[in-house]
Amino acid sequence: MQLLLLAVDPDRDGRTHFTAALAPALVLADLLDKTRRGRPAPDSMSDYLRVRAPSRLDRYIDAAKHEGILDVSVRRDGYFGHTRIRIADRWPLERAVDRLLRILDTPQHPHDRDLAYVILAHEIGRAHPHLKGRKHRDHRRRLDTLTTWPADHARRPSTPNAVLYAGLHAMRLTAGEQQQAAPLAALR
């Protein structure tokens, strides 16, 4: 849920930022939680993300709406309808940003769960927007250090780390396929 809140947090223009990587990142975060509890990893991470990602975003938005965190309004009039998402309760969002800063403040290597959170927030493009200004330059440096970790995952062998590494690779493939399919869909 915290990854979704980071993505919903509007920029200065009031726009939210849903990238093609958000839904696969939410699926991967759920899979990492299940792996930590003992569930085996799927054989094909790309297939796993491709099948589960399309409906995941809607489920998370509905859950956040039900909990009163988000205010979602759908307008269907006119040629193009649109969905407006607004944060109704900022406290969970502030907790998500505080968690990001707390992880980046610690000098030791973060636990698997915290490392996955930071890497996935970076992967969906929502870590740096919360680290603006001179006061966060050390946080940005630490973020850059931690996000290069997946290339060196062999130093810390564990099942969640292996799932994270495979999931990041599959996420990039899945997001790339979605971006390539969008221009083809426009031609039809």
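The values are calculated or read from the model by the stated rules, or taken from the named source; none is laboratory data. Since we're looking at a predicted model, the values are computed, not measured. All Cβ positions, glycine included, derive from the backbone under ideal geometry; neighbour counts span all protein chains shown. In case anyone asks, the SASA skips ligands and DNA or RNA and just uses the protein heavy atoms, side chains included. Shrake-Rupley method; radii C 1.70, N 1.55, O 1.52, S 1.80 Å.
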> Is one or more of the residues making up segment 64-71 of a type in the set (D, E, K, R), in contact (Cβ under 8 Å) with a residue 60 or more places away in the chain and farther than 27 Å from R141 by Cα?
Replying inline: no
> Inside segment 108-121, can you point out the residues that are surrounded by fewer than 17 Cβ atoms within 10 Å (Cβ to Cβ) and out of contact with any Pro (no Cβ under 9 Å at 6 or more places or on another chain)?
Replying inline: Q108, H109, H111
> Out of segment 68-101, which residues are over 24 Å from H130 (Cα atoms) and charged (D, E, K, R)?
Replying inline: R75, R76, D77
>> Return the residues of segment 126-165 that are modelled with pLDDT of 85 or more, open to solvent by less than 40 Å² (accessible area, probe 1.4 Å) and farther than 15 Å from D114 by Cα; say none if nothing qualifies.
In response: R126, L131, H136
> Restricting segment 72-97 to residues that are small (G, A, S) and free of Cβ contacts under 8 Å to residues at least 24 places away in the same chain, which is farthest from L173 (Cα to Cα)?
Replying inline: G78
> Which residue, of D89, D105, D47, D58, is farther than 30 Å from T145 by Cα and exposed (fewer than 14 other Cβ atoms within 10 Å of the Cβ)?
Replying inline: D58
> Name the pairs whose Cβ atoms lie under 7 Å apart, with the first residue in segment 23-43 and β-branched (V, I, T) and part of a helix (DSSP H, G or I), the second at pLDDT below 90 and open to solvent by 10 Å² or more (accessible area, probe 1.4 Å), and 6 or more positions between them or separate chains?
Replying inline: V27/R52; V27/R56; T35/A41; T35/T159; T35/P160
> What residue, among those in segment 61-86 that are surrounded by 11 or more Cβ atoms within 10 Å (Cβ to Cβ) and of a type in the set (A, V, I, L, M, F, W, C), is farthest from L164 (Cα to Cα)?
Replying inline: V72
